[in-house]
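Data first, discussion second: the structure below is written as structure tokens.
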Amino acid sequence: MARTSRLPGFYKVTVQERRALVSDATGTEILEMERAFDAGGLDAETADKFVENVLGTYALPFGVALNVRVNAHDFVVPMVVEEPSVVAAASNAAKMVRAGGGFEAEVDAPLMISQIQLTEVDDAPKATAAILAHKAEILALADRAVPGLVAREGGARDVEVRTLGTADDRMIVVHVIVDCRDAMGANLVNSIAEAVADRLAALAEGKVGLRILSNLCDKRCVRVTCRVPASALATDDMDGDHVIDGIVNASRFAELDPYRAATHNKGIMNGVDAVVIATGNDWRAVEAGAHAFAARSGQYSPLAIWRRDGDTLVGRIELPLALGTVGGTLRVHPAARLALRLLGSPGAGTLATLAAAVGLASNLAAVRALATDGIQRGHMALHARSVAVAAGATKSMVERVATMIVEARDITLEAAKRALEVLSSRDGDGATVVDADE
Ligand code: MEV
């Protein structure tokens with residue numbers, strides 16, 4: 001948790017000054033940030049312990065979303081993402097949500113599903129009855145495979161059996177439901193699947209098939225809502241009431257059309273994944289779960305929807321989120337550990353609410369832009385910074401070159417090089433750019 005996540009002017013100051021501001025807001029030492037970030041957060045020797053055939057590391061920008069308030073607490077939320085404008089857009093939308101009191105969030109217990117496929121099962125109803133009659137024994141067998149988790153008050157909680165296909169498939173699948181506490185849980189759940197499989201096959205009079213977690217962890221969902229007053233949504237050219245109509249229209253489009261829903265959800269995952277990556281979690285697992293959940297009705301659908309309530313816009317997101325705040329990458333990645341400290345060392349449930357809140361903020365920013373000015377205006381302004389850097393601009397010159405090429409409506413490398421020459425040859429005044437904080 002942060003003392004505050006309102007840090008006006010944050011985008012204008014240097015990286016060093018931002019570290020000082022975040023240190024002040026979160027109580028995290030500047031020295032800790034230097035140690036974690038300089039060298040990209042991970043040295044080659046450590047990287048060599050993560051994966052195979054390592055040649056080096058591959059760094060990405062580590063930023064923070066500001067203005068985020070969830071369940072009446074402020075958070076400076078770490079985001080790792082390469083796409084310009086994602087962090088600024090999330091911060092900007094979080095500020096609008098803040099005007100309505102912030103995000104309200106709730107999260108399920110951290111229940112994961114361990115799947116054990118059984119094949120060559122001739123009598124599925126009999127197999128199901130036999131397995132369910134031995135539930136207590138299966139749960140005990142599962143718990144014996146994960147003593148550390150049981151010591152942390154997690155462990156196997158339930159057994160479910162599903163028949164798949166037709167009688168000709170001769171296939172059933174057993175789900176062992178596991179409370180993973182603050183772990184993401186993949187290793188725990190896979191260990192349990194392997195530990196109980198032989199006994200289940202014997203009970204079912206069948207053969208053991210696959211033994212692995214399900215990434216459709218729909219018992220581990222998070223739900224976040226927000227209420228945004230029309231006044232906070234207005235743009236220079238459109239009043240807030242019309243913006244609400246535009247956003248509700250955008251939501252309906254995504255609800256009715258899977259082609260649009262995919263892009264709508266991509267905008268949500270811009271925010272979710274950035275938090276997931278920053279905190280050392282498995283974003284492929286999160287993506288797989290989110291999209292399977294989005295398709296659960298048979299039609300691929302938006303993970304977040306928007307409605308009008310009087311002169312207020314109401315947004316709601318729901319998705320499964322298997323995130324951990326212990327184990328895995330966190331043991332070894334200094335920047336991921338620091339990311340959690342910036343958040344006040346939350347449990348896995350709170351982290352899931354933050355990732356979902358930033359996802360909802362990212363969606364709000366995208367649909368508001370699409371319903372008003374279009375997405376390119378803001379994107380191009382931020383893209384101009386990258387072009388300025390590519391042209392050789394450094395430090396304050398980046399913003400000045402970016403501003404010049406945006407104003408000239410010529411965001412090209414050539415234009416940036418010309419602007420750099422002009423600015424370098426004179427003692428220019430300061431310049432302003434897109435407000436990345438607000
Ligand atoms: C771009 O990264 C994300 C958007 O396409 C999302 C959307 O269309 O809602 C802008």
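Observations on the model:
- Contact annotation: residue pairs with Cβ atoms under 6 Å, 6 or more positions apart or on different chains, pairing a residue in the stretch 166-192 that is touching a residue at least 12 places away in the same chain (Cβ under 8 Å) with a partner that is open to solvent by less than 10 Å² (accessible area, probe 1.4 Å) and hydroxyl-bearing (Ser, Thr, Tyr), are 176/114; 178/114; 189/114; 192/114.
- Residue match in the stretch 368-384 (condition: of a type outside the set (Phe, Trp, Tyr) and over 18 Å from residue 90 (Cα atoms)): yes
- Meets criteria (open to solvent by less than 20 Å² (accessible area, probe 1.4 Å), at pLDDT 95 or above and either out of contact with any strand residue (DSSP E or B) (no Cβ under 9 Å at 6 or more places or on another chain) or part of a helix (DSSP H, G or I) (or both)) for residue 188: no
- Residues within the stretch 361-386 that are more than 12 Å from the ligand (Cβ to nearest atom) and at pLDDT 85 or above, tallied: 3
- Residues in the stretch 1-55 that are at pLDDT below 90, within 23 Å of residue 350 (Cβ to Cβ) and open to solvent by 70 Å² or more (accessible area, probe 1.4 Å): 1 only.
- Top-ranked residue in the stretch 56-93 [being part of a loop (DSSP other than H, G, I, E, B) and within 16 Å of the ligand (Cβ to nearest atom); ranked as most open to solvent (accessible area, probe 1.4 Å)]: 82
This table checks each residue for (1) over 12 Å from the mean Cα position of the chain (by Cα); (2) more than 14 Å from the ligand (Cβ to nearest atom); (3) modelled with pLDDT under 95; (4) outside any loop (DSSP other than H, G, I, E, B).
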| residue | (1), (2), (3), (4) |
| --- | --- |
| 252 | yes, no, no, yes |
| 263 | yes, no, no, yes |
| 266 | no, no, no, yes |
| 270 | no, no, no, yes |
| 273 | no, no, no, yes |
| 277 | no, yes, no, yes |
| 285 | no, yes, no, yes |
| 288 | yes, yes, no, yes |
| 307 | yes, yes, no, yes |
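- Flag if residue 236 is at pLDDT below 95, out of contact with any Asp or Glu (no Cβ under 8 Å at 6 or more places or on another chain) and more than 16 Å from the ligand (Cβ to nearest atom): yes
- Considering only residues in the stretch 292-305 that are more than 15 Å from the ligand (Cβ to nearest atom) and of a type outside the set (S, T, N, Q), the one that is farthest from residue 329 (Cα to Cα) turns out to be 298.
- Taking every residue in the stretch 42-57 that is in the same structural domain as residue 337 (by TED's automatic domain parsing) and pairing it with any residue that is part of a helix (DSSP H, G or I) and open to solvent by 50 Å² or more (accessible area, probe 1.4 Å), at least 6 positions away or on another chain, the pairs with Cβ-Cβ distances below 6 Å are 54/48.
- Those residues of the stretch 279-303 which are open to solvent by less than 40 Å² (accessible area, probe 1.4 Å), out of contact with any Gly (no Cβ under 7 Å at 6 or more places or on another chain) and closer than 20 Å to residue 50 by Cβ, in sequence order: 279, 285, 286
- Of all the numbered requirements in (1) over 23 Å from residue 101 (Cα atoms); (2) buried (at least 19 other Cβ atoms within 10 Å of the Cβ), residue 313 misses one, and that requirement is (1).
- Selection within the stretch 338-354 - within 13 Å of residue 2 (Cα to Cα) and among the small types (Gly, Ala, Ser): 339, 344, 345
- Complete set of residues in the stretch 114-127 that are more than 24 Å from residue 215 (Cβ to Cβ) and open to solvent by 10 Å² or more (accessible area, probe 1.4 Å): 120, 122, 123, 124, 125, 126
The values are calculated or read from the model by the stated rules, or taken from the named source; none is laboratory data. What you see is a predicted model, and the numbers here were worked out from it, not measured in a lab. Cβ: placed from backbone, ideal geometry, glycine included. Neighbour counts: every protein chain shown. Just the protein is used for accessible areas: all its heavy atoms, side chains included, with ligands, DNA and RNA removed. Shrake-Rupley method; radii C 1.70, N 1.55, O 1.52, S 1.80 Å.
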